[in-house]
Ligand code: NAD
């Protein structure tokens, strides 16, 4: 322990808001408890008090939820109504997220340890995605081919895929389900959602509000609180699930894909981990790059798939760049997520905190130089890690290759653009990357050479719902957001029309 970085506490009036909520799963339009009567609870990592109690759903509830989604797909109004009607419900859903934003942000802040002010911003981002998906609902259309000869006309129509299972992680609960669910709904699908057992609150609240406030028919969205095994595992192998969209770790993503293949070969979409580099050339706007590096690695305590957890700095500027980074990292306000000034809150849970600390230990053992941080903060619950920076990191070190998912930055250096691209691409992941240079040739050549789903030039973790998001290689499969996001949840059906008499095969 050390006391170099100050801990910012929250004031008593903020702490007085901490209360435990009791939730129900949502199946077939009803609030349900687990048939076993079992529940599990969530303690706020920042305060170590119970903030949520949830039904522990198992195989029975999972099968019931899939049956409800199947019934709603095969017999219910949702897939059959006009796109305009679906658009209206999805747009109303965006409004209800805004209406509940303050309460739901508090739920997320308490469950996850993220700063409340940030959670509140995320509610606005989530609502914006529902608005975008509402707009897409009326633009799902097929193609016609009228040039296939006098007697042939072809149509490609888009149909909803069916029952989709959506499995989400704990780091951005409402935001990540919002990258999937409104697009599945826009396509006319029905869904079973399994949020992380650590942060189930807002997804359960959303399901109830979708039906009771936005007018979504019963059974279209079902939400199960419970653990990866059995709930997520059962969804992955379920014969009546037509598609599974998973966001989480690469290891679990592989097991989801394997179960999907071994069962009914359901469609799989995966959003997985990253080891995202920011590459800084000597002609960069250094002020802007310094700030974006800090934001990139410390946003959401580094518990972010897009975390800019490694930077490559040109060797001629590296020493001074690191000096300035360290000075700024020490000024970051770490502390109680309910303090409005805090930028860095609590780590999600003790087990994950130990994983981050073990990465820090390994980095030191492998010869990286600890420039700042690296320790637990003195705090009421011991779940805060100092903003940490390692310099002298070599591409083969564990800290340069594995996802830490914590507030830990690795600084590597490079001589020229070719070497930078080699280092950038020499990891298993390829989610995102950035390049900093004022020279258009340098910036675009670098952007072309990086094998990543998103490359930013002179910015980081920036964008819009119009832009697709997803990973190369072991960072994922498929894309979310963008104009084709709803098409991911459709099948293409080819219809061939023959005009006039047909010449017989058998004379
Ligand atoms: P995780 O893989 O442990 O869990 C994700 C979800 O899968 C949870 O709901 C969990 O209960 C469920 N799950 C666990 N075991 C399962 C199984 N056997 N079958 C089916 N489902 C199972 O991930 P996490 O710790 O919640 O989240 C952190 C990870 O998520 C990081 O690796 C991060 O990079 C990744 N992530 C990726 C993106 C992206 O868009 N690429 C976004 C956020 C997080």
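The values are calculated or read from the model by the stated rules, or taken from the named source; none is laboratory data. Only a predicted model underlies this, so the values are computations on that prediction, with no experimental measurement involved. Cβ: placed from backbone, ideal geometry, glycine included. Neighbour counts: every protein chain shown.
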Open item on the list: Quick check on residue 311: is it assigned by TED's automatic domain parsing to the domain that holds residue 352, at pLDDT 95 or above and closer than 25 Å to residue 453 by Cα?
Closed with: yes
Open item on the list: Just the residues that are assigned to a loop (DSSP other than H, G, I, E, B) and closer than 14 Å to residue 475 by Cα, please, taken from region 250-276.
Closed with: 272, 273, 274, 275, 276
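In the list 351, 365, which residue meets the criterion of being assigned by TED's automatic domain parsing to the domain that holds residue 445 and more than 23 Å from residue 277 (Cα to Cα)? I'd like the intermediate steps shown before the answer.
Working: 365 fails: more than 23 Å from residue 277 (Cα to Cα).
When all the criteria are applied, what remains is 351.
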Open item on the list: Can you find a residue that is crowded, with 18+ Cβ neighbours inside 10 Å, within 16 Å of the ligand (Cβ to nearest atom) and assigned by TED's automatic domain parsing to the domain that holds residue 149 anywhere in region 484-491?
Closed with: yes
Open item on the list: Quick test of your reading of the structure: residue 299 fulfils all but one of (1) within 16 Å of the ligand (Cβ to nearest atom); (2) within 26 Å of residue 457 (Cα to Cα); (3) buried (at least 24 other Cβ atoms within 10 Å of the Cβ). Name the failing condition by number.
Closed with: (3)
TODO: State whether one or more residues within region 302-320 are in a helix (DSSP H, G or I) and surrounded by fewer than 19 Cβ atoms within 10 Å (Cβ to Cβ).
DONE: yes
- [ ] May I ask you to say which residue of 494, 454 is more than 16 Å from the ligand (Cβ to nearest atom) and modelled with pLDDT of 95 or more?
- [x] 494
Open item on the list: Going through 83, 68 one at a time, which residue ends up being under 26 Å from residue 139 (Cα atoms) and modelled with pLDDT of 95 or more?
Closed with: 83
Open item on the list: So residue 463 passes all but one of these: (1) under 17 Å from residue 280 (Cα atoms); (2) within 16 Å of the ligand (Cβ to nearest atom). Which condition number does it fail?
Closed with: (1)
TODO: Answer yes or no as to whether residue 164 is more than 14 Å from the ligand (Cβ to nearest atom), at pLDDT 95 or above and either in a helix (DSSP H, G or I) or surrounded by 21 or more Cβ atoms within 10 Å (Cβ to Cβ) (or both).
DONE: yes
Open item on the list: So for region 230-239 (the condition being more than 10 Å from the ligand (Cβ to nearest atom) and either touching a strand residue (DSSP E or B) at 6+ places or on another chain (Cβ under 8 Å) or without any contact (Cβ under 8 Å) to a residue 24 or more places away in the chain (or both)), does at least one residue qualify?
Closed with: yes
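Select, from 339, 276, the only residue that is within 16 Å of the ligand (Cβ to nearest atom) and either over 28 Å from the mean Cα position of the chain (by Cα) or over 17 Å from residue 373 (Cβ atoms) (or both). Please lay out each step first, then the result.
Details: 339 fails: within 16 Å of the ligand (Cβ to nearest atom).
The conditions single out 276.
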TODO: Scan region 246-261 and give yes if some residue there is over 22 Å from residue 304 (Cα atoms), over 22 Å from the mean Cα position of the chain (by Cα), surrounded by fewer than 17 Cβ atoms within 10 Å (Cβ to Cβ) and more than 10 Å from the ligand (Cβ to nearest atom), otherwise no.
DONE: yes
Open item on the list: Please pick out the residue among 152, 203 that is modelled with pLDDT of 95 or more and within 16 Å of the ligand (Cβ to nearest atom).
Closed with: 203
Open item on the list: The conditions are (1) within 15 Å of the ligand (Cβ to nearest atom); (2) in contact with a helix residue (DSSP H, G or I) (Cβ under 9 Å, 6 or more places away or on another chain); (3) closer than 17 Å to residue 168 by Cβ, and residue 221 fails exactly one of them. Which is it?
Closed with: (1)
